[in-house]
2 protein chains.
Amino acid sequence: MCHACVIENVRSSMLSRRALFTGAAATGAAAIALGALSARPALAQATGRVIDLTHAWDGDFPTFDGLPGITYEPDKTIEADGYQLWKLTLFEHSGTHIDAPMHFSADGISVDEIPVEQLICPLCVIDISAKAAEDANATLDPEDIEAFIAANGDIPAGALVAMHSGWAAKVADTTYRTNEAGDFAFPGFSKAATDMLAGMEVAGIGVDTLSLDPGNSPDFGVHNSWLPGGRYGIENLAGLDQVPATGATVFVGAPKHKRGTGGPGRIIAVA
Amino acid sequence: MCHACVIENVRSSMLSRRALFTGAAATGAAAIALGALSARPALAQATGRVIDLTHAWDGDFPTFDGLPGITYEPDKTIEADGYQLWKLTLFEHSGTHIDAPMHFSADGISVDEIPVEQLICPLCVIDISAKAAEDANATLDPEDIEAFIAANGDIPAGALVAMHSGWAAKVADTTYRTNEAGDFAFPGFSKAATDMLAGMEVAGIGVDTLSLDPGNSPDFGVHNSWLPGGRYGIENLAGLDQVPATGATVFVGAPKHKRGTGGPGRIIAVA
């Protein structure tokens with residue numbers, strides 16, 4: 001239990017964590033763990049420092065496919081109408097955004113169906129920036145989770161587990177997305193790590209890069225297991241260098257359009 | 001001071017509230033009051049009940065002009081691509097959404113520029129459902145604010161003040177937008193009320209209807225004064241019948257696209 005958080009202890013109603021460590025059986029474990037989350041949580045006690053984990057963005061913001069994620073067309077103008085608004089065209093997985101289970105599974109829940117209790121979470125930030133500085137395709141591995149727990153205590157029930165690779169600082173540079181050879185190159189979670197997290201009462205995972213999987217992933221292994229397992233992800237997080245490893249509460253402002261596979265959101269931490 | 005909240009007392013650094021009650025000088029008062037917000041707030045102590053104040057929505061959701069607020073086009077599909085996502089076209093002021101100052105002022109701040117500290121707020125819910133049941137164009141008036149304060153104490157610094165008219169229950173019905181004659185008919189704030197709130201340390205206002213102004217407004221008086229005064233609004237709130245009048249904390253998940261006049265957001269309360 002994270003000592004800096006005040007989280008209702010729901011473990012008495014759960015199978016032991018050891019029993020949930022079933023690796024490949026991520027889907028089953030997720031169903032069990034997420035069921036337990038309904039009992040969840042008292043808010044973390046916060047001192048009131050508010051940290052925005054969301055990039056401001058427009059059509060220049062980097063995207064996976066390199067095309068603009070959003071375009072603007074004036075719909076009303078001050079001159080003609082006395083007020084103004086944009087008609088926006090956007091691709092759901094642009095900017096700081098949510099991946100709903102449905103993004104990688106035909107029968108997964110859509111972004112509006114994520115239980116709202118899973119959108120207010122104890123925040124755990126696992127820092128892999130040292131190895132990411134050496135290897136642009138570095139991964140957050142099971143050993144990083146084990147080291148985090150050894151230093152900070154167990155991952156709290158209902159947590160958002162975020163990878164801090166230092167990549168947010170590169171967001172205006174081509175190296176956010178590709179290396180000098182033009183190949184995708186950015187850090188991400190390893191599948192072994194998200195398989196481990198799937199055995200815990202984790203609500204979602206987040207990265208400060210373009211993808212839950214690292215840039216050189218051959219198979220989107222994390223997307224193809226974590227999301228079908230019924231959990232959500234967040235990509236392109238900002239500000240993880242400004243929050244503590246544990247003790248913050250994060251609000252995941254997922255969009256709520258029906259049948260959405262995800263979409264741009266607003267992610268804010270209070271520490 | 002709301003006795004159910006634990007909000008840092010910043011009033012010692014402020015002009016007296018009486019001095020801020022300047023009515024027509026809303027813009028100046030807003031600048032003073034919002035400056036004081038930078039000292040703000042400890043989170044409310046929450047018991048952990050999470051209430052979604054956001055409607056799930058799609059192209060069937062009511063809009064001011066009656067046209068679909070969002071349309072969906074498949075961009076990637078499970079069958080062809082192994083994953084799926086939508087290309088969305090949306091008008092910013094659709095669904096449960098934010099009005100940024102720029103919506104009604106050429107030089108107002110855009111939605112991404114709203115200070116993040118103003119997006120985590122003590123929530124005050126003023127219930128006018130009794131009079132709204134009698135008059136579809138009922139307004140939240142200064143006397144309603146005075147009665148609220150008499151019953152609940154002062155509006156806390158940094159509050160979101162929400163009008164609860166009962167309209168959210170009508171969202172699937174044409175009466176959410178118009179009366180039997182086909183005229184706009186829904187409750188809203190009166191300009192006198194928002195002029196009063198402009199003299200307080202209020203971050204934003206919200207309504208459970210299509211507009212900050214009532215349906216029969218001849219001049220969008222609230223839009224044309226409150227937003228140019230530098231504060232935000234929220235329209236089409238849900239769930240206000242499930243939160244207490246005071247004591248909840250609300251997270252305003254405003255979108256963060258640059259130059260945005262507002263947009264669909266995720267609003268969540270913890271009570």
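Of the set (1) at the interface with chain A (Cβ under 10 Å from one of its Cβ atoms); (2) touching a His at 6+ places or on another chain (Cβ under 9 Å); (3) not charged (D, E, K, R), all apply to residue B:91 but (2).
Residues of segment A:152-166 that are open to solvent by 20 Å² or more (accessible area, probe 1.4 Å) and assigned to a strand (DSSP E or B): A:164 alone.
Evaluate segment B:78-92: report whether one residue or more is open to solvent by 60 Å² or more (accessible area, probe 1.4 Å) and at pLDDT below 50. Checked against the condition, which is being open to solvent by 60 Å² or more (accessible area, probe 1.4 Å) and at pLDDT below 50, segment B:78-92 yields no hits at all.
Any idea which of (1) over 25 Å from residue B:118 (Cβ atoms); (2) within 12 Å of another protein chain (Cβ to nearest Cβ); (3) open to solvent by 10 Å² or more (accessible area, probe 1.4 Å) is the one residue A:211 doesn't satisfy? Failing condition for residue A:211: (3).
Summed over segment B:109-145, the residues that are more than 10 Å from chain A (Cβ to nearest Cβ), part of a helix (DSSP H, G or I) and open to solvent by 10 Å² or more (accessible area, probe 1.4 Å) give a count of 8. Within segment A:77-93, residues that are in a helix (DSSP H, G or I) have Cβ atoms under 8 Å from residues that are surrounded by 20 or more Cβ atoms within 10 Å (Cβ to Cβ) and of a type outside the set (Ser, Thr, Tyr) in these pairs: A:78/A:84, counting only partners at least 6 apart in sequence or on another chain. When residue B:149 is tested against the conditions (1) more than 10 Å from every other protein chain (Cβ to nearest Cβ); (2) in a helix (DSSP H, G or I); (3) crowded, with 20+ Cβ neighbours inside 10 Å, the lone failure is (3). Against the conditions (1) closer than 23 Å to residue B:56 by Cβ; (2) out of contact with any Asp or Glu (no Cβ under 9 Å at 6 or more places or on another chain), residue B:182 satisfies every one except (1). Only a single criterion out of (1) under 30 Å from residue A:158 (Cβ atoms); (2) facing another protein chain (nearest Cβ under 7 Å) is not satisfied by residue B:106, namely (1). Residue B:220 satisfies every condition listed in (1) buried (at least 24 other Cβ atoms within 10 Å of the Cβ); (2) farther than 23 Å from residue A:120 by Cβ except (1).
Taking the criterion of being more than 30 Å from residue A:102 (Cβ to Cβ) and either within 8 Å of another protein chain (Cβ to nearest Cβ) or open to solvent by 60 Å² or more (accessible area, probe 1.4 Å) (or both), the residues of segment B:94-103 that qualify are B:102, B:103.
Name the single residue that is farthest from residue A:224 (Cα to Cα) among those in segment B:62-88 being of a type in the set (Phe, Trp, Tyr) and either out of contact with any Ser or Thr (no Cβ under 7 Å at 6 or more places or on another chain) or within 7 Å of another protein chain (Cβ to nearest Cβ) (or both). Only one residue fits best here, namely B:72. Going through (1) within 30 Å of residue B:57 (Cβ to Cβ); (2) open to solvent by 10 Å² or more (accessible area, probe 1.4 Å); (3) under 15 Å from the mean Cα position of the chain (by Cα) one by one, residue A:256 falls short only on (3).
If you go through segment A:171-189 one residue at a time, do you hit one that is closer than 17 Å to residue A:127 by Cα and among the basic types (Lys, Arg)? Within segment A:171-189 (the criterion being closer than 17 Å to residue A:127 by Cα and among the basic types (Lys, Arg)), the answer is no, since none of the residues qualifies.
The values are calculated or read from the model by the stated rules, or taken from the named source; none is laboratory data. Please read all numbers here as calculations on a predicted model, not as lab measurements. We place every Cβ from the backbone using ideal geometry, glycine too, and count neighbours over all the protein chains shown. We work out accessible area using only protein heavy atoms, side chains counted, and drop any ligands, DNA or RNA first. Shrake-Rupley method; radii C 1.70, N 1.55, O 1.52, S 1.80 Å.
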